[in-house]
Amino acid sequence: TMADSKPLLVLENFIAGKFVPCSSYIDSYDPSTGDVYCRVPDSGKEEVEAAVKAAKAAFPIWSSKSPLERSQILNKLADLIEHDLEAFAQAESKDQGKTITFARTVDIPRAVYNFRFFASSILHHTTECTEMANMGCVHYTSRAPVGVAGLISPWNLPLYLLTWKIAPAIACGNTVVAKPSEMTSVTAWMMCKLLEKAGVPHGVVNVVFGTGSKAGEALVCHPDVPLISFTGSTLTAQRITEKSAPHCKRLSLELGGKNPAIVFDDADLSQCIPTTLRSSFANQGEICLCTSRIFVQRGIYSEFLKRFVAEAKKWKVGNPSDPTVDVGALISKEHLEKVRSYVKKAQAEGARVLCGEGVDSLALPTGNQKGYFMLPTVITEVKDKSCCMQEEIFGPVTCVVAFDTEEEVIERANSVKYGLAATVWSSNVGRVHRVARRLQSGLVWTNCWLVRDLNLPFGGMKASGVGREGAKDSYEFFTEVKTITIKH
């Protein structure tokens, strides 16, 4: 057929400033059609070895540049990505399945901003100094880059999350070996084409494509990679922790969430409902910060449910390149099956599915019949102990349940292994502060969702991760601190 004759896009690893072919490749699918459209290097030990060697060789020169010199290069790279914003957005949408609107307005602008943000923040860090006059001593701290950073990023926000690691790592003077997800590697490869033009010296940024079990493992186990920054599943993070332990590596782990929204009966529903729809279904629900447990106070429970379901049914699912579409395709056939299986389990346990999967019919455009699509799905009458209320589903599925008291809802919201994000909806200021303090959550949004100040710490508690990212936090992670004492 015509479709099969289109030449596949073939990616290559980027090592020491050059694109290098690989001996074997993995197929990458277009989630909106189910067709293979790209071949991604299936890298392993050898490729990682070459990349680490290049990064090590580039470290002395890069780390000795002034923060200002590095800042100028990061700003140039941001400008180049911004100049190609539309091409990057199209590629991200096709590769990941997300809507073109989301890629244009969220993913690529944020990737650009990540570079600009760290280009600026690197210029403003200060170190500490204390005096011991009675001892005739002065102490001060000094910070230096650590070396080669291993960066492993996921498939849900591909360039956005990769640049959130690369930018602080190189701003601080480290060199990097990055491994994007094998399912969404195209925008990382496109970024590599801009590095030389931005003035990034060869070997400072190396990108090795491949699977976690081969390329990721080789990177995590490499003795010359002292830092690993990873965003992804808790299960993979456990493996990374075990594999890196013998080398005493420094880890930053940003993992899953089972994020609650708590809606009190004095919430402004005209704000709450549209925002909670977004926090449940944006990017197909494939964001670690998405809301998947909605606790609504009994007084407004039935009104909330009626309005929420009515609005959820209006979300349009279809071809991601259609600018009027709200929900694109899920990342893979396997992932779609997994998300669907949670809905089936909920039904088997006696929960009610009010809209979406298995309840409403999904009409798809002709070319998208084989794509991995699913309607926004709302489940109710589900028990707190159910896997649907305990495990991260990572799809367009949310559970809505009732609660009576503040005390009760805090306990229930905290009753999962995760602790990444939460949202609280109330017009009572005192209550908002009380509840926010007691939620076991690294981020709490009140009467809003996903409003980010990159200066402030980002990350989770419990099984949602280790460490924080942000201006100060990323700087501390990507540098080694030294205390120097001088007797005079």
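A few comments on the model shown:
Residue-wise test of (1) within 14 Å of residue 189 (Cβ to Cβ); (2) open to solvent by less than 80 Å² (accessible area, probe 1.4 Å); (3) out of contact with any Gly (no Cβ under 7 Å at 6 or more places or on another chain).
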residue: 13; (1), (2), (3): yes, yes, yes
residue: 21; (1), (2), (3): yes, no, yes
residue: 45; (1), (2), (3): no, no, yes
residue: 49; (1), (2), (3): no, no, yes
residue: 55; (1), (2), (3): no, yes, no
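- From the list 427, 415, 464, the one residue that fits, being at pLDDT 95 or above, exposed (fewer than 15 other Cβ atoms within 10 Å of the Cβ) and of a type in the set (Ser, Thr, Tyr), is 427.
- Of all residues in region 14-68, those satisfying the criterion of being in contact (Cβ under 8 Å) with a residue 60 or more places away in the chain and part of a strand (DSSP E or B) are 14, 15, 18, 19, 26, 28, 29, 30, 35, 38, 40, 41.
- Strands (runs of 3 or more DSSP E) wholly inside region 168-282 containing at least 1 residues that are acidic (Asp, Glu): 250-254
- Hey, residue 452 of a type outside the set (A, V, I, L, M), surrounded by fewer than 21 Cβ atoms within 10 Å (Cβ to Cβ), within 26 Å of the chain's Cα centre (by Cα) and not in a loop (DSSP other than H, G, I, E, B) or not: no
- Qualifying residue in region 190-210 (condition: open to solvent by 10 Å² or more (accessible area, probe 1.4 Å), more than 14 Å from residue 111 (Cβ to Cβ), under 21 Å from the mean Cα position of the chain (by Cα) and in contact (Cβ under 8 Å) with a residue 24 or more places away in the chain): no
- Taken over region 235-250, the criterion of being of a type in the set (A, V, I, L, M), within 22 Å of residue 479 (Cα to Cα) and surrounded by fewer than 19 Cβ atoms within 10 Å (Cβ to Cβ) is satisfied by 245 alone.
- Look at region 287-303: where a residue is closer than 19 Å to residue 464 by Cα and a partner is surrounded by fewer than 18 Cβ atoms within 10 Å (Cβ to Cβ), sitting 6+ places away or on another chain with Cβ atoms under 7 Å, you get 289/450.
- Taken over region 69-120, the residue count meeting the criterion of being under 21 Å from the mean Cα position of the chain (by Cα), of a type in the set (S, T, N, Q) and assigned to a helix (DSSP H, G or I) is 6.
- Some residue of region 308-317 being acidic (Asp, Glu), open to solvent by 10 Å² or more (accessible area, probe 1.4 Å) and closer than 14 Å to residue 97 by Cα: no
The values are calculated or read from the model by the stated rules, or taken from the named source; none is laboratory data. As the structure is a computational prediction, the values presented were derived from the model and not from experiment. FYI the Cβ positions are ideal-geometry reconstructions off the backbone, even for glycines, and counts take in every protein chain you see. For accessibility, only protein heavy atoms count, side chains too; no ligands or nucleic acids. Shrake-Rupley method; radii C 1.70, N 1.55, O 1.52, S 1.80 Å.
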